[in-house]
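The values are calculated or read from the model by the stated rules, or taken from the named source; none is laboratory data. Being a predicted model, the structure only gives us computed values, none of them experimental. In this analysis, Cβ positions are derived from the backbone assuming ideal geometry, glycine residues included, and neighbour counts consider all displayed protein chains. For the accessible areas, the whole protein counts, side chains as well, though only heavy atoms, and no ligand, DNA or RNA atoms are used. Shrake-Rupley method; radii C 1.70, N 1.55, O 1.52, S 1.80 Å.
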Amino acid sequence: MIQYRQERKVGRMGKSVYSLVLMDDIVAAVDRLAYQEGTSRSNMVNRILAEYVQMDTPENRIRTIFDAVNAVLGTQSALQPMMATGDAVVAMRSALQYKYNPSVRYVVELYTAGAALGEMRAALRTQNPTLLLYLGQFYRLWDKLEDAYLPGPRRESSVAGGRYTRRLLCPQNCTEEQAGEAIAAYVRLFDACLKEFFEHLDEAERTVAAVQRVYTQNLDALTAQL
């Protein structure tokens, strides 16, 4: 048997230190489940206990949302899932039709507390000044489209080098599954518009109209709430 201790504070549901005496075989089984799910032993124990006492937790809601995101990703080929770096993070990549076919990496991180649902980050690892210039132009165009077509308050976003970060709002009156579908649709829309932008690099006068057309034709009401 081993003594199991945990100490952390997350969101509205605080996590404190507890001592449990557990059988080694049980811990080994929990570790196998945690490995299969790509999470930690602590989170797996917390998940098992929450399910047993029928308590919803921020981690459960995040998992439900990401299950919906992954279900959408499984129906298309443009965005390829990547190994996540945490329980509240899902990552994917997409090939950009430009010199050397660089990959755009998208990361969605969900928050366990606060008014915002989370954030999406789009990044392209490059030192090519021309490519960085184009990316900056697209990010500015994307912000202008969101200001023009999204209802409610102005969305928070930032640009640092080749990375774009966008705060995601909580959609109103929707399930976790619908929130996940909206997130997946948002990333797909961003990716589709980015590719449309690069497809028309040699046609500057048509670029804005082409991206705007893709944006308006594929933006649905639920995704517009993010």
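A compact table of results
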{"quantity": "Lone unmet requirement of (1) of a type outside the set (Val, Ile, Thr); (2) open to solvent by 30 Å² or more (accessible area, probe 1.4 Å); (3) touching a strand residue (DSSP E or B) at 6+ places or on another chain (Cβ under 8 Å) for residue 66", "calculated": "(2)"}
{"quantity": "Single residue of 12, 47 found to be part of a loop (DSSP other than H, G, I, E, B) and either open to solvent by 100 Å² or more (accessible area, probe 1.4 Å) or modelled with pLDDT under 85 (or both)", "calculated": "12"}
{"quantity": "Qualifying residue in the stretch 164-184 (condition: closer than 22 Å to residue 93 by Cα, part of a strand (DSSP E or B) and open to solvent by 10 Å² or more (accessible area, probe 1.4 Å))", "calculated": "yes"}
{"quantity": "Selected residue (criterion: farthest from residue 214 (Cα to Cα)) from residues of the stretch 129-162 that are surrounded by 15 or more Cβ atoms within 10 Å (Cβ to Cβ) and in contact with a Lys or Arg (Cβ under 6 Å, 6 or more places away or on another chain)", "calculated": "157"}
{"quantity": "Members of the stretch 64-113 found to be assigned to a strand (DSSP E or B) and among the β-branched types (Val, Ile, Thr), listed by number", "calculated": "89, 90, 104, 107, 108"}
{"quantity": "The stretch 72-98: number of residues that are without any contact (Cβ under 8 Å) to a residue 60 or more places away in the chain and of a type outside the set (Ser, Thr, Tyr)", "calculated": "14"}
{"quantity": "Any hit, the stretch 203-217, residues being within 18 Å of the chain's Cα centre (by Cα), under 27 Å from residue 68 (Cα atoms) and open to solvent by less than 40 Å² (accessible area, probe 1.4 Å)", "calculated": "no"}
{"quantity": "Residue in the stretch 101-128 that is modelled with the highest pLDDT, counting only those that are under 15 Å from residue 198 (Cα atoms) and open to solvent by 60 Å² or more (accessible area, probe 1.4 Å)", "calculated": "103"}
{"quantity": "Options 54, 36, 80, 3: the member that is open to solvent by 50 Å² or more (accessible area, probe 1.4 Å) and at pLDDT 85 or above", "calculated": "80"}
{"quantity": "Meets criteria (in contact with a Gly (Cβ under 7 Å, 6 or more places away or on another chain) and either surrounded by 17 or more Cβ atoms within 10 Å (Cβ to Cβ) or more than 18 Å from residue 116 (Cβ to Cβ) (or both)) for residue 226", "calculated": "no"}
